[in-house]
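Colleague: Dropping the structure in here first, questions after.
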Ligand code: NAD
């Protein structure tokens, strides 16, 4: 039974809900759900801890971040097991990406924060400088697709900037957050600086609306982001939103086709397509369209199916497969449930062509192992097709031309553009999306900017007669 972690203590309070194993569909564990009393207790614990934490020199908070990273590495195998149990992710991905990135997030933000100078502006007789103060108590709300990676991506900068936090992981994937709470206790982090509560959207809503919460950082769907925005509007709380995507990949005939196919397989099918950065719309220059489709479909058949996170999400993905069929799409591969995987929440990796651009299949985020492929004739047309989306999180460009790479990348309406690669990240760079894909950027100093507020101090310096 998972219990909340509040003020450094395990708190068994609130009703209980089940978490399901996506591989078998059976109940994995029971978890306490935060009601308004639990949310209030967690926020009060964070408020009590916040001033002492904020008063520490940033170098000391950075040292705590390194201790948390050490603590994560010491519990590495437990974290890998917990993440796999909740999500059904492949072992390799969990060992090499999700859990190591958790530790890397804490180490990166320890460095960035400790080395960051304050700004100072000089004019004759005038000195203006800024000091940055933490927001206070930050609500951290994260989804189920990369639970540990995304939670730590927000926690590390929020904490090193001097905030106390209340974290609510997804109802589908609470286990790695529960282990992280244990790690906080193991390394001796001051009680109340990190609090972890569990529950569905109602718990999240109670948390963001609580008057003791000073800011909200959220990763999840655009629909929930917009609900949260309404929830916090009365108190004009700062929000940082990393939301959904409908990412385009643009493949030019001058690309290295082997690399483009290889990279596209990763960008469509990694984590069963359940990564916000996954490509769901592909535009391929006409001379290589047929060959690209054939090679992509052949490779898709070799991809090991991965479970969707829940029965409900699998149903959603399958409904898009049905939609494609009903609109007369050509299904190049997949389109159903793998024959030997009736238990659990598996769907087939799927490649589709022949749908119109305004089909819901091409406009809505599916969040499964699936893409639509369409041909294009000119560079401008490719850019227009890629940009014709309400979302703007990420895009990929595959080309052998340096000029074209820069030209196209700079015209794409996305927060992140990869050229001849995908998902390569430097944690110091800004991360986030345009249009319906989010508000603000996290990463590097941009994260520290969100998790703190500057005060500008201006001093008139009288000239001395001496
Ligand atoms: P979701 O929006 O359903 O839920 C995300 C979190 O919000 C969960 O913890 C949920 O319990 C909570 N929540 C739900 N309703 C709430 C409310 N009214 N108030 C406060 N909290 C509430 O998203 P999901 O299905 O868990 O995740 C998948 C989505 O996340 C996809 O759209 C994906 O693109 C997006 N995502 C975006 C990024 C990014 O960096 N842009 C990264 C990963 C996932």
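Derivation of every value follows stated rules applied to the coordinates shown; laboratory data play no part. What you see is a predicted model; the values in this text were computed from it and never measured. Glycine gets a Cβ as well: all are built from the backbone with ideal geometry, and neighbour counts include every protein chain shown.
Colleague: In region 247-419, if every C-alpha pair distance is counted and binned at 5 Å from zero, what percent goes to each bin?
Modeller: 1, 9, 20, 23, 21, 14, 7, 3, 1, 0
Colleague: To the nearest 10 degrees, how steep is helix 76-87 against the longest Cα principal axis of the chain, on a 0 to 90 scale?
Modeller: Between the helix axis and the principal axis of the chain, the angle is about 50 degrees.
Colleague: Still on this model: Considering the Cα positions of region 311-386, please state its Rg to one decimal place and its Dmax as a whole number of Å.
Modeller: 13.6, 46
Colleague: Return the ratio Rg/(2.2 N^0.38 Å) for region 138-204, where Rg is computed over Cα atoms only. Display every interim value, and only then the final one.
Modeller: On the way: Rg = 11.1 Å, N = 67, 2.2 N^0.38 = 10.9 Å.
So region 138-204 has a normalised radius of gyration of 1.02.
Colleague: Mind jotting down the three principal axis lengths of region 193-233 based on Cα atoms? Whole angstrom, largest first.
Modeller: Projected onto the principal axes, the Cα atoms of region 193-233 cover 28, 20, 16 Å.
Colleague: For the chain, what's the relative contact order in percent, using C-alpha pairs closer than 8 Å and at least 6 residues apart?
Modeller: Details: 1036 pairs, mean separation 85.6, N = 466.
Taking the mean separation of contacting Cα pairs over the length of the chain, I get 18 percent.
Colleague: Kirkwood hydrodynamic radius of region 1-46 from all distinct Cα pairs, in Å? It would help to have the intermediate numbers written out before the result.
Modeller: Details: mean 1/r = 0.0872 Å⁻¹.
Radius from the Kirkwood sum: 11.5 Å.
Colleague: At a 10 Å Cβ-Cβ cut-off, how would you order 107, 325, fewest neighbours first? Intermediate values should be presented prior to the final figure.
Modeller: Numbers: 107 18, 325 14.
Taking fewest neighbouring Cβ atoms as first place, the list is 325, 107.
Colleague: Here's something else I'd like to know. Using bins 20 angstrom wide from zero, how does P(r) for the chain break down, in % of all Cα pairs?
Modeller: 24, 53, 21, 2, 0
Colleague: Another one. Mind ranking 438-444, 17-23, 424-430 by how tightly packed they are, going by the mean number of other C-beta atoms within 10 angstrom, highest first?
Modeller: Numbers: 438-444: 20.9, 17-23: 18.4, 424-430: 13.0.
Top to bottom by mean Cβ count within 10 Å: 438-444, 17-23, 424-430.
Colleague: A further question on this structure: Using a Debye calculation, one point per C-alpha and no hydration shell, please list log10 I(q)/I(0) for region 162-312 at q = 0.12, 0.15 Å⁻¹ in order.
Modeller: Log-scaled intensity ratios, in q order: -0.72, -0.90.
Colleague: Please compute the contact order of region 358-466 in relative form: average sequence separation of alpha-carbon pairs under 8 Å and at least six residues apart, divided by the residue count, as a percent. Working shown, then result.
Modeller: Working: 106 pairs, mean separation 21.6, N = 109.
Normalised by residue count, the contact order of region 358-466 is 20 percent.
Colleague: Principal axis extents for region 2-148, Cα atoms only, whole Å, descending order, please.
Modeller: The Cα atoms of region 2-148 stretch 71, 39, 23 Å along the principal axes, largest first.
Colleague: Report Rg (one decimal) and Dmax (nearest whole number) for region 164-236, counting Cα atoms only, units Å.
Modeller: 13.2, 39
Colleague: Set the Förster radius R0 to 60 Å, insert the Cβ-Cβ distance between residue 123 and residue 423 as r into 1/(1 + (r/R0)^6), and round the FRET efficiency to 0.05. Write out the running numbers ahead of the final one.
Modeller: Values: r = 45 Å, r/R0 = 0.75.
The calculated FRET efficiency here is 0.85.
Colleague: Taking Cα atoms of region 385-466, Rg/Rh with Kirkwood Rh, to two decimals?
Modeller: Details: Rg = 19.8 Å, Rh = 15.6 Å.
So for region 385-466, dividing Rg by the Kirkwood Rh gives 1.27.
Colleague: Compute the projected area of the convex hull of the Cα atoms of region 75-131, averaged over all viewing directions, and report it in nm² to one decimal place.
Modeller: Working: hull surface 23.3 nm².
If I average the Cα hull's projected area over directions, I get 5.8 nm².
Colleague: Quantify how much of the Cα-Cα distance distribution of region 364-429 extends past 15 Å, in percent.
Modeller: Numbers: 1256 of 2145 pairs.
For region 364-429, the fraction of Cα-Cα distances above 15 Å is 59 percent.
Colleague: Report the convex hull volume per residue for region 65-206, counting only C-alpha atoms, in Å³. It would help to have the intermediate numbers written out before the result.
Modeller: Details: hull volume 17.3 nm³, N = 142.
Residue-normalised Cα hull volume stands at 122 Å³.
Colleague: Follow-up. Sorted by mean Cβ packing within 10 Å, highest first, what order do the peptides 8-15, 62-69, 274-281 take? Numbers along the way, then the final one.
Modeller: Working: 8-15: 15.1, 62-69: 20.6, 274-281: 24.4.
With the highest mean Cβ count within 10 Å placed first, the list reads 274-281, 62-69, 8-15.
Colleague: Sticking with this structure for a sec: Using Cα pairs under 8 angstrom and six or more residues apart, how large is the relative contact order of region 35-190, in percent? Numbers along the way, then the final one.
Modeller: Details: 210 pairs, mean separation 52.2, N = 156.
Taking the mean separation of contacting Cα pairs over the length of region 35-190, I get 33 percent.
Colleague: Gap in Å between the Cα centre of region 2-37 and the Cα centre of region 170-206?
Modeller: Region 170-206 and region 2-37 have Cα centres spaced 10 Å from each other.
Colleague: Take region 288-346, compute every pairwise Cα distance, and split them into 5 Å bins from 0; I just need the percent in each bin.
Modeller: The distribution over region 288-346 is 4, 16, 22, 22, 22, 10, 4, 0, given as percents.
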